[in-house]
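Trainee: Pasting a structure here, questions to come.
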Amino acid sequence: MGATSTVQKRPRVLFICGSINQTTQMHQIAQQLVECDCCFTTYYDDGYPMTLKRLRLTETTPLGYKISARALGYLQRHNLTVDQEGLNGPYDLTVTCSDLIVPGNIRQRPVVLVQEGMTDPEGFWFRAWRKYPWLPRWFAGTAVTGLSDQYTLFCVASEGYRRHFISKGVNPDKIVVTGIPNFDNCRRFLANTFPERDFVLVCTSDVRETFGFEDRKAFIMNAVRIANGRPLIFKLHPNERVGRATREIERYAPGSAEEMIANCTVLITRFSSTAYVGLALGKEVYSDFDVDDLRQKTPIQTGTAAEAIAGVCRKLLTAPEHAVDMSPLPARRDELTPELAG
């Protein structure tokens, strides 16, 4: 009787993308998992938020059509396998860019959450969610990142962010400091072709587009004061309404924000992750956040964040306890479909 041979099945991994920053991070992690069949989807849910999307009430978020189209275009340009909403699952593992929404169809297998960048300030909606936890998490934006507890492990940017998330209530046993792609090797931006040098760069935030308040006039006037006669360049957040923003500033410079930061002398921003690029490169940085606190949280500069996160994924894929544990992750009432929520 001849010996039988078995073909080992390749692990299947789903990557949930969002903004271009989040999508490129997911791509870099997938590139490290060469032994896996990797599929990608734009940001999604399987409950009532999709109704809000169809009504175009989520256009300033990764769930909206505009940002989803950008992500899908990126995936198609790079010939990546797309499985919208993970309908061809189940997958052995899901890697997601955000836990503001955790779709029900990924909760029965391991989930790795990856920090995308700077988190939102703890404003009105964050305080409201803390007081009334039945409110949807996404009301509070990225200020509640990690607080779903609906993931297996959470990859974060630095030890400073580990302490930050623990102080908010994230389970410390689930946090792994890996660094985050796109912000783990800021020195690479020093080699660039952006022509300007020694200027004051102002990177705006999309506060108004995400239903927050911003006194843009005061922000611009403060930037002028800090510049004190030095050349001033504004770089708009990609989620901003360009027409409105360009009417409020006298100069708009195209190009890579990171390369512009590499060439600037001073960086002024509000709630943008670009502050970390400036801090990593030793620039003079102004932010609405406490800059000393941001220094403590600056992503570690190893240049190997994607590789480290891929290592976390491999451990989950090979862990025997996850191979047999099919119990679903807990659901919050606000994430159930209206029918199930009653």
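The values are calculated or read from the model by the stated rules, or taken from the named source; none is laboratory data. This is a predicted model, so every value here is computed, not measured. Here the Cβ is made from the backbone with ideal geometry for all residues, glycine too, and neighbour counts use every protein chain on show. Surface areas here come from the heavy atoms of the whole protein model, side chains and all, with no ligands, DNA or RNA. Shrake-Rupley method; radii C 1.70, N 1.55, O 1.52, S 1.80 Å.
Trainee: Separation of the range 137-166 and the range 268-308 by C-alpha centroid, Å?
Mentor: That distance is 17 Å.
Trainee: Taking a quarter of the surface of the Cα convex hull of the range 18-88, what do you get in nm²?
Mentor: Its average projected convex-hull area is 4.8 nm².
Trainee: What's the Kirkwood radius of the range 52-168 in Å, using all Cα pairs?
Mentor: One over the average 1/r among Cα pairs gives 15.8 Å for the range 52-168.
Trainee: Given the peptides 9-18, 65-74, 225-234, arrange them by the average over their residues of other C-beta atoms within 10 Å, most packed first.
Mentor: Highest to lowest by the protection proxy: 9-18, 65-74, 225-234.
Trainee: Compute the accessible area per residue over the range 67-116, keeping the other protein chains in place, probe 1.4 Å, unit Å².
Mentor: Heavy-atom SASA per residue in the range 67-116 reads 39 Å².
Trainee: Once you have a ≥ b ≥ c as the square roots of the Cα gyration tensor eigenvalues for the range 57-118, tell me rounded if a/c is under 1.5, and otherwise prolate or oblate according to whether a/b is larger than b/c.
Mentor: Oblate shape, in that a/c is at least 1.5 and b/c is the bigger or equal ratio.
Trainee: Among 279-286, 82-89, what's the highest-first ranking by average C-beta atoms within 10 angstrom per residue?
Mentor: 279-286, 82-89
Trainee: May I ask you to derive the relative contact order of the range 31-105, considering only C-alpha pairs under 8 Å and at least 6 residues apart, and to give it as an integer percent?
Mentor: Worked out over the range 31-105, it gives 40 percent.
Trainee: Binning at 10 Å from 0, report for the range 132-234 what percent of all alpha-carbon pair distances ends up in each bin.
Mentor: 11, 26, 30, 25, 8, 0
Trainee: Then there is this: For Arg10 paired with Glu159, estimate the spin-label separation in nm (one decimal), with each label point 7 Å from Cα along the Cα-to-Cβ line.
Mentor: Each label point is offset 7 Å from its Cα along the Cβ direction, giving 3.9 nm.
Trainee: Ordering Trp125, Trp138 from largest to smallest accessible area (1.4 angstrom probe), what's the sequence?
Mentor: So, going from the largest accessible area down, we get Trp125, Trp138.
Trainee: When the convex hull of the Cα atoms of the range 137-179 is projected onto a plane and the area is averaged over all directions, what value comes out in nm²?
Mentor: Taking a quarter of the hull surface, the average projection is 2.8 nm².
Trainee: With point charges of +1 on the Cβ of Lys and Arg and -1 on the Cβ of Asp and Glu, referenced to the Cα centre of the range 13-59, which listed residue (Ala30, Ser19, Tyr48) lies farthest in the positive direction of the dipole?
Mentor: The residue sitting most towards the positive pole is Tyr48.
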